[in-house]
1. For chain A, with all protein chains present and a 1.4 Å probe, just round the carbon and sulfur fraction of the accessible area to a whole percent.
2. In Å², what does the accessible area per residue of region B:27-160 work out to with a 1.4 Å probe?
3. How high is the relative contact order of region A:27-236, in percent, counting Cα pairs under 8 Å that sit 6 or more residues apart?
4. How large is log10 I(q)/I(0) at q = 0.08 Å⁻¹ when the Debye formula is applied to the Cα atoms of region A:27-236, each weighted equally and without solvent?
5. Mind checking the per residue accessible area of region A:27-236 for me, 1.4 Å probe, whole number of Å²?
6. Do you know which residues of region B:63-101 lose at least 10 square angstrom of accessible area in the protein assembly compared with their chain on its own, with a 1.4 angstrom probe?
7. At a 1.4 Å probe radius, carbon and sulfur cover how many percent of the accessible area of chain B?
8. For chain B, what's the relative contact order in percent, using C-alpha pairs closer than 8 Å and at least 6 residues apart?
Amino acid sequence: MKRGFTFLLVISLLVLGLILPRGARSLMVQMMAFSIFAMAYDISLGFTNQCSLGHSVFFGAGAYGTILPMLHWHFGVLPSVFIGFLLGLVLAFLTGLISVRLSEAYFVIVTAIFSAIFHLLAMDMTWLTGGDDGLSVTLPKIGFGPLKLSLYHPLGTYYFVLAFLLAGYLALRTIVGSPLGMIFVAIRENEKRTAFLGYNVRTYKLIAFLISGTFTALSGGLYAVSLRYATADFFSLYWSIIPIVWCLVGGLGTLIGPCIGVALMSLFQYYVSAWWTYYLVIFGVLILLILRVSRRGILGYFIGRGARGGWRL
Amino acid sequence: MPEGVGFILFYLINGLIWGLIIALISLGLSLIFGVMGIVNMAHGDIYMIGAVLSFYFVSLFGNFWISLLIVPLIVALIAAPTERFILRPFEGHPSVTMIATVGISFILQQVALATFGGIPKKISSPWEVSFDFLGVSYPGYRLLVAAISALIIIGVWLFLYRTSLGILIRASMQDKEMASAMGINVNKVLIGTFVLGSVLAAIGGVLAAPISQVFYLMGNDVILLCFIVVIVGGLGSLEGTLIAALLLSSVEGAMAAFLTPTEARAMIFIIMVAVLMLRPQGLFGSNSA
């Protein structure tokens, strides 16, 4: 039944690209890019209980890692996305090495400091990042042998991002379902006992952080490609908070849940930010309310009703 | 432009004065974490609220010193119910409190943006005197701020180490359950500590308002430095917080003589990373923190 549901979802995503009007389609592209971010973030928060406030570093790095090679060295889109992906991996490794071994309180604070420092630097180094104004780029065509795909075709970006979303989902699904994923969950449920079983908890936490950071960078790269633009604002703390909101709205510890969170929050932002400038207040209230009701997120609350567990701390 | 020794000294004193304000704010942050396990992301915004309220009172009464008295009272009145009714269920879980206080931070910032506006404003210095020192003219108000901050820090110290209420707070910091078992009214201690910590941040905001710009995002800059301070000093260690605040701000101030502010901040960040590599619990932190 579950497989059927996934199949149906994929088909509807494929068809939606054709039938949606222009505005809705670009909103959909944005949601799909963010969905990768949300799933990646959940690997960190929902699967290994590492509440990071530093994911904007990887999101921004992914965006610039993708935009800069296209802008300066005239790389193709795919190699550039791959460079952004690698940049995320490197940064996740460096920041993870420092932060993963820290205690919970230190971890959240230090990752938040990473985010703030990178934002400061990105705003300051205008020669590299373009600062607040950002950098725009013209996307080259993607060639598959004789076939040339232009991302300026209305459907180009949609199916480009959709392909990455499906690939990303499959990759993360495989990881989560593998023994490695089981160890992640074991760490979330009880870190001490997992260590007693002989697993090196730090190494597995670092692996989870790496996977999470790298896919976040991929999402940043895709988002930048869909906008043909990157700004230093991608490093701001907002981009570290928003994935938490997605995961909390959708449900922690699942892959589909955060995507539902993305869809709900994107629609919410799309409509509410149009008539109320201060919609971040609603974000704040929402965060407090959801935390009060269930730390597993809304979806997690309904699925896990009666069941033990939740976001263990 | 001053030269030589006076030049360096100017920046060093500037750094030290900021250090005292930062120490004041970080002390509140550290206290709140130590007693109730709240990583308070909204602490910088309470500082901002202090500055914004001060701006309103100065334009209302035309007197800065009245605002220094009234603003802490108002912030205390806001902080007490915030702790009791919003933060209480999350206490003791660092990441949950961090996310929850991010929510509060969003609300405070947007309220400030909606009422105060998005344009930075200035308060004129309430004490227009300057001192000549080694050939450098130094604004008197800044020295006064340093003196007031130092006095308040000493006051807080005496309160925590010499009064019975302070002993209750420190006892709760060490072991909340045991303190409760000894008959301490933990409820009062929790509210009291959060109010004290928030008032310290608000006083910092009032004092800093005339020497920096009043802006709805001004807390972000300060909370970053405060977090680095408590990380380097050791979470929940009051001595560590104090020493780290003075040390890091002086270093940053001295480096501002040669580097841009962002570069100086990046250097402080590198110091933090180095400290974390050697001592993951901070300079004065206990292993359990």
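The values are calculated or read from the model by the stated rules, or taken from the named source; none is laboratory data. All values derive from a computational prediction rather than experimental measurement. As a convention, Cβ positions derive from the backbone with ideal geometry for all residues, glycine included, and neighbour counts pool all protein chains shown. Ligands, DNA and RNA are stripped out before the accessible areas are found, and what is left, the full protein with its side chains, is counted by its heavy atoms. Shrake-Rupley method; radii C 1.70, N 1.55, O 1.52, S 1.80 Å.
1. Numbers: 9380 of 13550 Å².
Its accessible area is 69 percent carbon and sulfur atoms.
2. Values: 5310 Å² over 134 residues.
Heavy-atom accessible area per residue stands at 40 Å².
3. Worked out over region A:27-236, it gives 47 percent.
4. -0.28
5. On a per-residue basis, region A:27-236 sits at 37 Å².
6. The answer is B:PHE85, B:ILE86, B:PRO89, B:PHE90, B:HIS93, B:PRO94, B:SER95, B:VAL96, B:MET98, B:ILE99, B:ALA100 - residues whose exposure falls by at least 10 Å² when every protein chain is included.
7. Of the solvent-accessible surface of chain B, carbon and sulfur hold 70 percent.
8. Values: 441 pairs, mean separation 106.1, N = 289.
Worked out over chain B, it gives 37 percent.
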